[in-house]
Amino acid sequence: MKQPPAPQRPDDTATPDEVSKVHRPEEAGAVAVPEPVGHVAGPTLDDVRADDAVRLWIRQANQVTGAIGYTEHGERHASTCAEGAHFILRALGHDARRCEIAAVAGYLHDIGNGISRDRHGQTGALLAKDILRDLRFTPEEVVLIMAAIASHEEDEGGLPISAVSAAVIIADKSDVHRSRVRNSKSTAFDIHDRVNYAATKAEIKVGRREKLITLELSVDTEVAPIMEYFEIFLTRMISCRRSAEFLHCAFALVINGTRLL
Ligand SMILES: [Fe+2]
Ligand SMILES: [Fe+2]
């Protein structure tokens, strides 16, 4: 008697062990990431991005941070963090809705700067509440996003408190790039300008099987020595490591091809 064919198992041989994303929205990920499982059903990042109040707060956050001498905190940073947070959870196999919620939290995480830099995580969370309710996010999603926004800033006592929050923290802290510098005169650069200007590429890599999240930076050491990077970014890297641990991963920092953490 002819045997029935063996049940087909999904072919995962095409799924790469490690995926990476150049940490800027206009540059696509270097390796295709598998689509997340489940459905995105419900409001999306596109709905948030199109909202008039959100546009206003993102513009205002960029304007306020510019007025007090900070690097770019507008649409570019918001989108970079949204895409980074979505990428990290997607690469780790989280479901589609959670990836979308992480993208929304990443997009909105800095809107509190529109009121004041001081405690902007907490003010941003409160600002997001009405916006998200109006867009019909569920109460559970509103709470999750608010908590992630409120917990993103290490200087304000922020710690990873959910997978969404951990992904937002890593995406935010790893957004160091030349394009964030607003000061047009290099002679007037402060250390933050120098370090950001020196970073010509920031790439997040996620090794799902290895359970390793890596931030790879290309730094022009003629502009800023690596020591200056550590001077201002060490606490951010500690936040990244804690957040990676929350996602059951280790964290590595690679600068110019050398692993430093
Ligand atoms: Fe922030
Ligand atoms: Fe930020």
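Restricting attention to the chain, close to 70% of DSSP beta bridges with both partner residues there are antiparallel.
Please return the longest range in the chain lying between exposed loop sites, taking trypsin sites (Lys or Arg not before Pro), DSSP loop only, at most 11 other beta-carbon atoms within 10 Å, and leaving the sites out. The reported range is 3-135. Shown is the FRET efficiency for LEU234 and ARG136, computed with R0 = 45 Å from the Cβ-Cβ distance and rounded to the nearest 0.05: 0.65. Seen from SER116, the other residues with C-beta closer than 13 Å to its C-beta sum to a net charge of -2, counting Lys and Arg as +1 and Asp and Glu as -1. The ranking of VAL64, VAL176 from fewest to most other beta carbons within 10 Å of each one's beta carbon is VAL64, VAL176. Membrane-span-like helices in the chain, defined here as complete DSSP H runs extending at least 27 Å along the helix axis by their C-alpha atoms with mean Kyte-Doolittle hydropathy no lower than -1.0, are 226-246; this is a sequence and geometry rule, not a statement about a membrane.
Dipole size of the chain about its Cα centre, with +1 on Lys/Arg Cβ and -1 on Asp/Glu Cβ: approximately 320 debye, rounded to the nearest 20.
By the rule of a C-alpha distance below 15 Å, with chain neighbours fewer than 8 residues away ignored, the aspartates and glutamates paired with LYS185 are ASP193. With neighbour counts taken as other beta-carbon atoms within 10 Å, the residues TYR229, TYR197 rank, fewest first, as TYR197, TYR229.
On a 20 Å Cα-Cα criterion, which of the cross-link pairs LYS21/LYS129; LYS129/LYS205; LYS173/LYS205; LYS21/LYS201 come out too long? Violating the 20 Å Cα-Cα cut-off are LYS21/LYS129; LYS129/LYS205.
Placing unit charges on the Cβ atoms of the charged side chains and taking the dipole of segment 14-126 about its Cα centre, the candidate lying farthest along the positive direction among GLY112, ILE88, VAL33 is GLY112. Modelled spin labels at ASP155 and GLU75, positioned 7 Å past Cα toward Cβ, are 2.6 nm from each other.
Here, each number is a calculation from the coordinates, and none is a lab measurement. Note that this is a predicted model, so its numbers are computed, not measured. Ideal geometry is used to build each Cβ from the backbone, glycine not excepted, and the neighbour counts take in all protein chains shown.
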